[in-house]
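Trainee: Here it is, the structure in full.
Just so it is clear, none of the values below were taken in a lab; they were calculated from the coordinates. Source: prediction; values computed, not measured. Methodologically, a virtual Cβ is constructed for each residue, glycine included, from the backbone with ideal geometry; neighbour enumeration extends over all protein chains shown.
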Amino acid sequence: MTPSTVLLLTVPPLLWAGNAVVGRLVRDAVSPMTLNLLRWSLALLILLPLGRALLRPGSGWLTHWRRLCMLGLLSIGLYNSLQYLALRTSTPINVTLVAAGMPVWMLLVGALFFGAGIGRRQVLGALLSVAGVLLVLCRGDWQQLLALRLVAGDLYMILATISFSFYSWMLAGTREPQQIRADWAAFLLAQVGYGVLWSGLFTGAEWAAGSAHVEWSWALAAALLYVAVGPAVIAMGCWGEGVRRAGPGTGAFFTNLTPLFAALMSSAFLGELPHLYHMLAFAMIVAGIAASAPRAT
């Protein structure tokens, strides 16, 4: 864990928190599916020269199109679209805190669909993390759980985390050709290429339903540039190298910096001050992940 590795693992949560804040800021200027399509179309253009190895003959991106297409659907198509949809009715703090319960969903998805075992410490960690997520959903009042009315954005974000859990378990496989896996830009380009197709379908449905809109401005253009370059390309590049150095187990702890950064950014840019229950929920989620993490031997 050198300083450079810590920096590589800290930059992505910071940029991902910024993505939640920016998505909230532009929610009235552009509809969620259209925002997602514009974001990843720009990211695709940026990645084309970086991941050009993917376009070479024999790279395997056409042979393995089914798997890469599914990866693009679960991450770029569903997770990101649902996140922007969630931000229309929920705050960046709530969205990122609900997403911080993702290790719990990964545990459940792994056990139910991928044959992964669950130990006692993992169960303890899951219970703590679930309690933290419930604390966010009931807005700090446990009595509200008896008659809980979830904000639509909270439900969308839960669906998004389930989608990303399936994506993460699929990503753990090694069925893709080594020449794609070894080049982070080429591997990301393959997923983004298929993901843009899915986003295009969702955006077409949004426009067909009459719920889509875009109000172009320099502020929206700047927001699109940020979410395409920062949370998409730079964050994924830093994350790939940081996890390669420290391992996914260590890297998982850094993802929980996202709601903390989101709370600070929301306070600075949106005037949405974090409450005491946000801090308590964050502590419970981190404690749950720490409890379920493998011990060093």
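Trainee: Only counting other Cβ atoms within 10 Å, I'd like THR96, THR63, THR34 sorted with the fewest neighbours first.
Mentor: THR63, THR34, THR96
Trainee: Take the Cβ-Cβ distance between VAL123 and ARG245 as r, set R0 to 22 Å, and report the resulting FRET efficiency rounded to the nearest 0.05.
Mentor: 0.15
Trainee: Moving on to the next point. Label the chain by shape, choosing from rounded, prolate and oblate, from the square roots a ≥ b ≥ c of the eigenvalues of the Cα gyration tensor; if a/c is under 1.5 it is rounded, and otherwise prolate applies when a/b is larger than b/c, oblate when it is not.
Mentor: Verdict is oblate for the chain.
Trainee: When a footprinting reagent is the concern and you count Cβ atoms within 10 Å, what order do VAL214, VAL22, VAL196, VAL95 take, fewest first?
Mentor: Ranked by crowding around the Cβ, least crowded first: VAL214, VAL196, VAL22, VAL95.
Trainee: Within the set of other residues whose C-beta is less than 12 Å from the C-beta of LEU73, count the net charge using Lys and Arg as +1 and Asp and Glu as -1.
Mentor: Taking every Cβ under 12 Å from that of LEU73, the sum is +2.
Trainee: Give me the number: length gained by fully extending ALA205 to ALA116, i.e. 0.36 nm times residue separation minus the C-alpha to C-alpha distance, one decimal in nm.
Mentor: Answer, rounded to one decimal: 28.4 nm.
Trainee: Most fluctuating residue of GLU241, GLU215, GLU206 in a GNM of the chain with Cα springs under 10 Å: which is it?
Mentor: Checking each option, the largest mean-square fluctuation is seen for GLU215.
Trainee: Rounded to the nearest 0.05, what FRET efficiency do LEU276 and TRP169 have when you use their Cβ-Cβ distance and R0 = 41 Å?
Mentor: 0.75
Trainee: In the Gaussian network model of the chain, springs joining C-alpha atoms below 10 Å, which of ALA131, ALA205, ALA223 carries the largest mean-square fluctuation?
Mentor: ALA205
Trainee: TRP218 to ARG88: FRET efficiency via 1/(1 + (r/R0)^6), r the Cβ-Cβ distance, R0 22 Å, to the nearest 0.05?
Mentor: 0.50
Trainee: For TRP65, TRP40, which order do you get if you count the other beta carbons within 10 Å of each Cβ and list the fewest first?
Mentor: In order of increasing Cβ crowding within 10 Å: TRP65, TRP40.
Trainee: Taking 1 over the mean of 1/r across every pair of different Cα atoms in the stretch 1-146, what Kirkwood radius in Å do you get?
Mentor: About 18.4 Å, per the Kirkwood formula over Cα pairs.
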